[in-house]
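Undergrad: Take this structure, written in C-alpha cells, and hold onto it; I'll ask about it next.
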Amino acid sequence: MKLLVCVSFFVATLSFVAGDEPNLFDAFHRPKLNNSSESYKGVNNVSSSSAKHTTLDKAFLQRQDALLFTKVVGYPAVLLPGDGGNQLLAVLNRSEAAHIYCSKSADAFTLWLDLEELLPLAINCFTDNIRLIYDPKTKKSSSPDGVNITVPGFGGTESVEWIDPSHLPFGEYFVGLVNAMVERGYKRGVSIRGAPFDFRMAPNTENAYFSQLKTLIEETYTLNNQRKVVIITHSLGGLFGLYFLNHMEQSWKEKYVQAYAPIASPFAGAAKVMRLFASGDNLDEKVINPLVVRPAQRTYPSSAFLMPSDTYWSANEVLIITPKKNYTVSDFDEFFTDIQFETGKLLRNDTKDLVHDLVAPGVPVFHVHGKNMPTPERFIYDEIFQFPDDQPHVHYGAGDGTVNMRSLKSFLKWKNEQPQQVEEYEIDKGEHLSILQMPQLHQYLLQNVLIPH
C-alpha cells in the first residue's frame, strides 16, 4: 500500500482561464431535438486536453444484456477518481528520445500504472513521456511532440478499479467499493459507471471531459429506470465534481443528481504540494529519486490547482522555512522564482480561482474522510538539507495523511449556503488512499447514500 500511495502521489500531489475557451454553458449543456434524440451544442468547438478519452459506446444502450437496473433499490453511481486514480495509455512516435535507452516509437502501452516504467533508467523515460508543456498563449498544456496519451475505460469501471491492469494488490483503487456494491446487486457498466480523466490537468481545460460526464450521467439515469445518480469522487476527483456541479443548471441537477459523495476531497488544497514543487515528492519511497520525478510533477496544472488556499491558510502561517526566507500563501510568485520555475506562476494564475470560493454544489452532500493521521503542514530546510533540492524536515499536523484537516472540513460552510443536506462522516485512521478499501466507507455509502433506509 505504501508503494501505491507513493506512485499515486508522484503523478502530482494527492491523488481548472478562459481566453478563447468556449462558454462553459455551451460545452456542458445540449438542447433537446424534436425527435427526442440529443446532440451536443458546440461539441466540435470544445477544447480537449492532451489526453483523449475513449468515446462512449452508443450501442451499449441497445444491447440486450444491458438490462435496466431492477435488482436493487439503490441509486446508480458514477465514480470520479483522484490524482493517479485511473490508467493512462500512451503511443510514441517521437523524433528523438530523452535518453539513448528510451524508445522513440511504441504502440499503445500502459504508461500509468506499470511498475516497469518506474524502474531505474526506465523512470527517466517515463518522466519525459508523462511531463507536460505549457503554452502561455493558449493557456493550455500538452504532451511533448510524438507522445499521445489517452484515458481508457470511460463508462466502465475497470480502469478506476485498478490503476495497474495486471490487478496486482498494489494497484487497487475503487475495487473495494465496487465489489461491495456488486454484492448488493449493482452491475458494473450499468449501475456503476467510471468517469476517468487526465489527472495531470485542471478543470479549466477539460470542457470536453465535462460534456462526456454530463452525457454519462444522463445515460446512467436512463439505463436505470430514471433513477437519479450519485456522483462518488475521491481526492482530486472531488474538485472536478464540484467544478462540474457549479457549472450545471439547478434544474438539471435536480433531475439527474441524487447526491454528491466526495471522499477525502482537498477542497482548500494541501500543504504537501509545496514540497512537491520545491523538491519533488516520492513519499519517502527510497527507490524513487524525487529530483528525477520533480520536472514532470511541476508541469501538471493539477499540482498548481491543489496548492493551499489563501482562504484557509493565513498570510502569517509559514509553509516553507529556509535559512534565508520563509514562504506563506502570500509568497507563491516569489516561491516559484526562487525554485526557478516561472511557469508555476502561470499555472497557479490559471487555476487558483476555479473553486476558490467553494460555491455550494446545490445537491445533497455526503463527505467521507479520514482523521488522526499525521499530515505534512510545514517544511523546514536548513544548511544540511538545503532548499530546494534536498528533502526537508517535515512538521506534521491534523489530517488524513495527505490532506490537511482544515481543507477536508472547508466544505462544512455549505450547511449555511444551500437548502440540501450537507453531511460529514469521519473515519478514524482513514488514510487518504487506503480509506477506499475500508469497510466503514463502503457501509456508510451503501446505507446512507446509495441504498438509504
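No value in this document is a laboratory result; all are computed from the given coordinates. As the structure is a computational prediction, the values presented were derived from the model and not from experiment. Positions of Cβ are generated from backbone atoms using ideal geometry, with glycine treated the same way; all protein chains shown enter the neighbour counts.
Undergrad: When the Cα centres of the stretch 400-453 and the stretch 305-350 are compared, how far apart do they sit, in Å?
TA: 29 Å
Undergrad: Let me ask another. Arrange the peptides 432-443, 100-111 so that the one whose residues have, on average, the most other Cβ atoms within 10 Å appears first.
TA: Per-residue mean Cβ counts within 10 Å order the peptides as 432-443, 100-111.
Undergrad: Under the 0.36 nm per residue contour assumption, what length would be gained going from the current alpha-carbon distance of L168 and E423 to full extension?
TA: My answer for the length gained is 88.4 nm.
Undergrad: What ranking do 286-294, 217-225 get when scored by the average of other Cβ atoms within 10 Å per residue, highest first?
TA: Those peptides, ordered most packed to least, come out 217-225, 286-294.
Undergrad: How far apart, in nanometres, would the label points at H453 and V292 be if each is projected 7 angstrom from Cα along the Cα-to-Cβ direction?
TA: 5.3 nm
Undergrad: Treat each spin label as a single point 7 Å out from the Cα along the C-beta direction, and report the N326 to F385 distance in nm.
TA: According to this spin-label approximation, the distance is 1.8 nm.
Undergrad: Now, a different point. What distance in nm separates the two pseudo spin-label positions at K413 and D353, each 7 Å out from Cα along the beta-carbon direction?
TA: Going from the K413 label point to the D353 one covers 1.6 nm.
Undergrad: With a cut-off of at most 13 other beta carbons within 10 Å, and DSSP calling the residue loop, which trypsin sites (Lys or Arg not before Pro) in the stretch 175-229 qualify? Please list them.
TA: Values: sites: R184, K187, R188, R193, R200, K214, R227, K228; in loops: R184, K187, R200, R227, K228.
Passing sites in the stretch 175-229 do not exist.
Undergrad: Continuing with the same structure: Per-residue counts of other Cβ atoms within 10 Å, averaged by peptide: what ranking do you get for 201-207, 253-259, highest first?
TA: Ranked by mean Cβ neighbours within 10 Å, highest first: 201-207, 253-259.
Undergrad: Also, quick follow-up: Taking the Cα centre of the stretch 133-183 as origin and charging only Cβ (+1 Lys, Arg; -1 Asp, Glu), how large is the dipole, in debye to the nearest 20?
TA: 440 debye
Undergrad: Can I ask one more? Indicate the gyration tensor shape class of the stretch 398-446 (rounded, prolate or oblate), computed on the Cα atoms with a ≥ b ≥ c the square roots of the eigenvalues: a/c under 1.5 is rounded; otherwise a/b larger than b/c is prolate and the rest oblate. Each step should come with its number before you reach the end.
TA: Values: a/c = 3.35, a/b = 1.37, b/c = 2.45.
Oblate, because a/c is 1.5 or more while a/b does not exceed b/c.
Undergrad: Taking a cut-off of 21 Å, what percent of all Cα-Cα pairs in the stretch 173-253 are separated by more than that?
TA: That fraction is 32 percent.
Undergrad: Mean shadow of the stretch 187-325, computed from the convex hull of its alpha carbons, in nm²?
TA: Values: hull surface 44.4 nm².
The number I arrive at for the stretch 187-325 is 11.1 nm².
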